[in-house]
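To start, the structure itself, in structure tokens.
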Amino acid sequence: QVQLVESGGGLVQAGGSLRLSCAASRSIDSANGMGWYRQAPGKQREPVATFTKGVGTVYADSVKGRFTISRDNAKNMVFLLMNSLKPEDTAVYYCNAVFLYRNYWGQGTQVTVSS
């Protein structure tokens, strides 16, 4: 079993920045993939930024140039730096990890961007 704990969400004005963190309970060196997803009210969960072995880093078109995903393998952590935030970025953000092709999810952290 793998536990993922997100932090760093909150309320920010449009144009502002937030940095989300995800701490994993096991080494992420062996993960097939890690990343961030989000779910806005009334919408399906969607990928925001992901690392996948053999594929690399993929960003959703809506966040390219504004969001940056990074990882610290020594600390088993993944981060999402979000700049130039827009009201449409408002959602619950979830950390995701794939180990042995099984998906694990964090509990989510709320990001609210006011206009």
*Quick one: Karplus J couplings for region 61-78, per residue in order, coefficients 6.51, -1.76, 1.60, θ = phi - 60°, nearest Hz, x for Gly and Pro?*
4, 5, 10, 4, x, 10, 10, 9, 9, 8, 9, 10, 5, 5, 9, 6, 10, 10
*Which of the listed residues, Q44, S17, V98, is farthest toward the dipole's positive end in the chain, when Lys, Arg count +1 and Asp, Glu count -1 at the beta-carbon?*
V98
*Under a point-charge model restricted to the Cβ atoms of Lys and Arg (+1) and Asp and Glu (-1), what is the dipole moment magnitude of the chain relative to its Cα centre, in debye to the nearest 20?*
120 debye
*If the cut-off is 28 Å between C-alpha atoms, which lysines fall inside it for K75, apart from same-chain ones fewer than 8 positions away?*
K53, K64
*Counting alpha carbon pairs within less than 8 Å and at least 6 residues apart, what relative contact order, in whole percent, applies to the chain?*
38 percent
*Could you look at the chain and say what percent of its accessible area is carbon and sulfur, using a 1.4 Å probe and all protein chains?*
50 percent
*Could you state the accessible area per residue of the chain in Å², with a 1.4 Å probe and every protein chain left in place?*
53 Å²
_How much length would be gained if the chain were fully extended between Q107 and S30, taking 0.36 nm per residue of separation minus their Cα-Cα distance, in nm to one decimal?_
25.6 nm
_Karplus-derived 3J(HN,Hα), 6.51/-1.76/1.60, for each residue of region 10-22, Hz, glycine and proline x_ = x, 9, 9, 7, 4, x, x, 10, 9, 10, 8, 10, 9
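The values are calculated or read from the model by the stated rules, or taken from the named source; none is laboratory data. Since this is a predicted model, take the numbers as computed values, not measurements. Heads up, the Cβs are rebuilt from the backbone with ideal geometry, glycines too, and the neighbour counts pull from every protein chain shown. Please note that ligands, DNA and RNA were not included when accessible areas were found on the heavy atoms of the full protein model with its side chains. Shrake-Rupley method; radii C 1.70, N 1.55, O 1.52, S 1.80 Å.
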